[in-house]
Amino acid sequence: MTRELVAKLRARGAHRGQGQTSISYEPEEMKVLLEEMCSAEGIKLQLHTRVAAAYRERNRLRTIVTESKSGRQAWRAEVFIDTTGDGDLGAQAGCEWEIGQAENCPCQPMSMCALLVVQDALALAHVIHGSGTGHGKNNSATKRAFLKEIRRAGFDPSYGMPTMFPMRDNLVAVMINHEYGIKPFEADRVTEATVRARAEIHGIVHGLRKLGGPWEGVQIAATPEQIGIRDGRRIRGRYVVAKEDLLKGIRHHDGVVRPTFTVDVHALTRADNAKHAYSNAGVKMKPYDIPLRALIARDVDGLMMAGRCISGDFISHASYRVTGNAVAMGEAAGVVSALSVRDGLLPHNLEWERVASALAKVRA
């Protein structure tokens, strides 16, 4: 699926970079591409809708309830997939879950990204991350240079390694903030973090604009409606991906994803940020397998997970939580759910050989 997405983005002229890694793409093109792909497959979408409750019959998840402008709606299915990121459905269904390093966190911080328009991206090349440029830049150096410019504008950003990414021409993306110690299911605190982060972005951009030179006329093109969340609930599955899996590069007979992304733990507090904005927590990972069992809920039948809410510990989550891995997880969960419904079996009762064969055809 990732290869297909990259190929389609490249065909639309919305992709920068070579191969499958160190790339950037235009987010608006990705939105419409994903909608077109769903439409072509006859997938019905309903946006602006959130899960509010889940109901089981004995140990089988049978019905979920959502809330939207259409009111309260009930949905029945043979298999559900929790792709909420924060494990909302798994929690509503009564699954055991973990978050952060311990029951009350601390959690990785949240960040709000933003799209900026600059007058001449080439004039700012020394502060722009190398993703999608093909220039093989020292990205630590570009982050330090960007931080120096922000401080020159009179600001000390809450994220100690602010980053500017190339999007297209003079359109760039920035990540310059951290919001610490916030649980993603506390709506009031997430709201406060969203407001603070947006204010910090605007303040820094206004300050950069006053510097003039290559920053003259820089403006914000867009900020998201909600801050980005790194650390949500991890729903307990039939296997828990652990730190040891990464250290040993564990392989599984039912592996559906092989992450290669390093452990990426962002500073848990502002004090930690002053020392190291992010680190690998001392873990030198080897490419490892995420088994299908980590995508199948342990406590509730008929429920799968995909994305950062799958079953894992704090350290492994810091590696598998990124988009590329989530795409592969979603693909695997979709294939397994379809087989489950077709064969009248629960996901954990499917023979792996059949799953492996179906996945191979989809990924060919």
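Of the numbered criteria (1) modelled with pLDDT of 95 or more; (2) surrounded by fewer than 22 Cβ atoms within 10 Å (Cβ to Cβ); (3) out of contact with any strand residue (DSSP E or B) (no Cβ under 7 Å at 6 or more places or on another chain), the one SER319 fails is (2).
Only one of the listed residues (LEU122, LEU61) is farther than 22 Å from VAL190 by Cβ and loosely packed, with under 13 Cβ neighbours inside 10 Å. That residue is LEU122. Quick check: is even one residue across the range 79-94 touching a strand residue (DSSP E or B) at 6+ places or on another chain (Cβ under 9 Å), surrounded by fewer than 20 Cβ atoms within 10 Å (Cβ to Cβ), more than 25 Å from THR163 (Cα to Cα) and of a type in the set (Phe, Trp, Tyr)? Scanning the range 79-94, I find no residue that is touching a strand residue (DSSP E or B) at 6+ places or on another chain (Cβ under 9 Å), surrounded by fewer than 20 Cβ atoms within 10 Å (Cβ to Cβ), more than 25 Å from THR163 (Cα to Cα) and of a type in the set (Phe, Trp, Tyr), so the answer is no.
Helices (runs of 4 or more DSSP H) fully within the range 167-281 that include at least 2 residues being under 27 Å from ASP82 (Cα atoms): 187-211, 243-248.
Listed by first and then second residue, the pairs linking a residue in the range 43-68 that is without any contact (Cβ under 8 Å) to a residue 12 or more places away in the chain and more than 23 Å from ASP301 (Cβ to Cβ) to a residue that is of a type outside the set (Asp, Glu) and surrounded by 10 or more Cβ atoms within 10 Å (Cβ to Cβ), with Cβ atoms under 8 Å apart and 6 or more places separating them unless they lie on different chains, are LEU45/CYS38. When ALA199, ALA173, ALA193 are checked against the criterion of being without any contact (Cβ under 8 Å) to a residue 12 or more places away in the chain and not basic (Lys, Arg), ALA199 stands alone in meeting it.
Against the test of being in contact (Cβ under 8 Å) with a residue 60 or more places away in the chain and either at positive phi or in contact with a helix residue (DSSP H, G or I) (Cβ under 8 Å, 6 or more places away or on another chain) (or both), the options ALA297, ALA318 yield a single qualifying residue, ALA297. None of ARG198, ARG209 is charged (D, E, K, R), surrounded by fewer than 20 Cβ atoms within 10 Å (Cβ to Cβ) and either closer than 18 Å to ALA267 by Cβ or touching a helix residue (DSSP H, G or I) at 6+ places or on another chain (Cβ under 8 Å) (or both) except ARG209. Please find, within the range 233-274, the residue that is farthest from MET161 (Cα to Cα) out of those that are surrounded by fewer than 16 Cβ atoms within 10 Å (Cβ to Cβ) and free of Cβ contacts under 8 Å to residues at least 24 places away in the same chain. Ranking the candidates gives GLU244 first.
When the residues of the range 344-364 are filtered to those that are small (Gly, Ala, Ser) and over 20 Å from TYR239 (Cα atoms), the one that is surrounded by the most Cβ atoms within 10 Å (Cβ to Cβ) is ALA358. Checked against the criterion of being among the hydrophobic types (A, V, I, L, M, F, W, C), in contact with a strand residue (DSSP E or B) (Cβ under 9 Å, 6 or more places away or on another chain) and at pLDDT below 95, the candidates LEU5, LEU61 yield just one match: LEU5. Beta carbons closer than 9 Å, at least 6 apart along the sequence or on distinct chains, pair a first residue in the range 340-358 that is of a type in the set (Phe, Trp, Tyr) with a second that is surrounded by 14 or more Cβ atoms within 10 Å (Cβ to Cβ) for TRP352/ASP254; TRP352/LEU292. Just one of the listed residues (GLY228, GLY237, GLY282, GLY249) is among the small types (Gly, Ala, Ser) and within 30 Å of LEU122 (Cα to Cα), and it is GLY228. Of the listed requirements (1) under 22 Å from ALA333 (Cβ atoms); (2) surrounded by 14 or more Cβ atoms within 10 Å (Cβ to Cβ); (3) β-branched (Val, Ile, Thr), ILE43 misses just one: (2). Taking the range 10-54 as the range and being touching a Ser or Thr at 6+ places or on another chain (Cβ under 9 Å), at pLDDT 95 or above and among the small types (Gly, Ala, Ser) as the test, the residues that pass are ALA52, ALA53, ALA54. I'd like to check something: does the range 285-307 contain any residue that is in contact with a His (Cβ under 7 Å, 6 or more places away or on another chain) and assigned to a helix (DSSP H, G or I)? No - not one qualifying residue is present in the range 285-307.
Screening GLN226 on (1) closer than 19 Å to CYS107 by Cβ; (2) modelled with pLDDT of 95 or more; (3) surrounded by fewer than 20 Cβ atoms within 10 Å (Cβ to Cβ); (4) not acidic (Asp, Glu) shows it passes everything except condition (2).
The values are calculated or read from the model by the stated rules, or taken from the named source; none is laboratory data. Remember, predicted model here, so these are calculated numbers, not experimental data. FYI the Cβ positions are ideal-geometry reconstructions off the backbone, even for glycines, and counts take in every protein chain you see.
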